[in-house]
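To start, the structure under review is shown below, and the notes come after it.
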Ligand code: BG6
Ligand code: MG
């Protein structure tokens, strides 16, 4: 068995920082962007997130691609300012212990994240050394629910997809794992993550024994 982890919402709650930066962009454009709107951005790539934000503001098709690239760059500059202040205390409950236990058990560990900022976040959290493989938004061309990010992770681990388990908090990520032929554990609300094999509230609920009982 090998394990592939989404980052945002699984190992750390970066959604609050994405929200601050997207809400400020919406403010500059003259509309309100609520926390409920922000839920729609989980697991969604940066440019697809911008399209959702513009739709919320009734501004679809109002900007050129160049203007959109500029807005996404502004948002990202603010987001990067926020995440570079992060500390290891922000690692979600149980995540570090579970990653450490997997490695001690000789289980391959990969990151499979849509974020182009994943390496910065892992470094800030001091988690980089716990991963055998890191596949992030800089290494893929197709966003989740396409399985590319997880298939590349499995390949780099030297594992068959059927011998991999993905940990995901977003419906698009669960679908990506499924389409890649992998097992999948949802982190969060089972009604949102209904296509997962199994759901837990947090990685604090996971142990190596439980993983083996489920899939080995
Ligand atoms: C995902 C987040 O992990 O990464 C999304 O859930 C985010 O909300 C996406 O849009 C892309 O992140 P970034 O850091 O490349 O803008
Ligand atoms: Mg996520």
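For the stretch 196-210, check the following and say yes or no: at least one residue is more than 24 Å from residue 97 (Cβ to Cβ) and in a loop (DSSP other than H, G, I, E, B). If you could, list the steps in order and put the result at the bottom.
Filtering the stretch 196-210 for residues more than 24 Å from residue 97 (Cβ to Cβ) gives none.
Taking every residue of the stretch 196-210 in turn, none turns out to be more than 24 Å from residue 97 (Cβ to Cβ) and in a loop (DSSP other than H, G, I, E, B).
Can you tell me which condition residue 63 does not meet? The list is (1) more than 21 Å from the chain's Cα centre (by Cα); (2) within 16 Å of ligand 1 (Cβ to nearest atom), and all the others hold.
(2) is the only condition that residue 63 fails.
Looking only at the stretch 40-59, filter to residues that are part of a helix (DSSP H, G or I) and under 14 Å from the mean Cα position of the chain (by Cα); which one of those is nearest to residue 80 (Cα to Cα)? Give the steps one after another, and end with the answer.
Taking the stretch 40-59 and keeping what is part of a helix (DSSP H, G or I), we get 46-56.
Applying the additional criterion that residues be under 14 Å from the mean Cα position of the chain (by Cα) yields 46, 49.
Values: 46: 13, 49: 16 Å.
The extreme case among them is 46.
Can you name the residue in the stretch 78-89 that is in contact with a helix residue (DSSP H, G or I) (Cβ under 8 Å, 6 or more places away or on another chain) and part of a helix (DSSP H, G or I) and is also surrounded by the fewest Cβ atoms within 10 Å (Cβ to Cβ) among such residues?
Looking at the filtered set, the residue picked out is 88.
Here are some conditions: (1) under 16 Å from the mean Cα position of the chain (by Cα); (2) assigned to a loop (DSSP other than H, G, I, E, B). Residue 106 meets all but one. Which one does it not meet?
Going through (1) under 16 Å from the mean Cα position of the chain (by Cα); (2) assigned to a loop (DSSP other than H, G, I, E, B) one by one, residue 106 breaks only (1).
Look at residue 66 and say whether it is more than 16 Å from ligand 2 (Cβ to nearest atom) and surrounded by fewer than 12 Cβ atoms within 10 Å (Cβ to Cβ).
Values: more than 16 Å from ligand 2 (Cβ to nearest atom): yes; surrounded by fewer than 12 Cβ atoms within 10 Å (Cβ to Cβ): yes.
So residue 66 fits the description; yes.
How many residues are in contact with a strand residue (DSSP E or B) (Cβ under 7 Å, 6 or more places away or on another chain), in a loop (DSSP other than H, G, I, E, B) and closer than 19 Å to residue 47 by Cβ when one looks only at the stretch 119-160?
Summing the residues that are in contact with a strand residue (DSSP E or B) (Cβ under 7 Å, 6 or more places away or on another chain), in a loop (DSSP other than H, G, I, E, B) and closer than 19 Å to residue 47 by Cβ in the stretch 119-160 gives 1.
If only one of 75, 62, 116 is out of contact with any strand residue (DSSP E or B) (no Cβ under 6 Å at 6 or more places or on another chain), modelled with pLDDT of 95 or more and in a helix (DSSP H, G or I), which one is it? Full working, then the answer.
Values: 62 fails: in a helix (DSSP H, G or I); 116 fails: in a helix (DSSP H, G or I).
It is 75.
The values are calculated or read from the model by the stated rules, or taken from the named source; none is laboratory data. Nothing here was measured: the structure is a model prediction, and the numbers come from that model. FYI the Cβ positions are ideal-geometry reconstructions off the backbone, even for glycines, and counts take in every protein chain you see.
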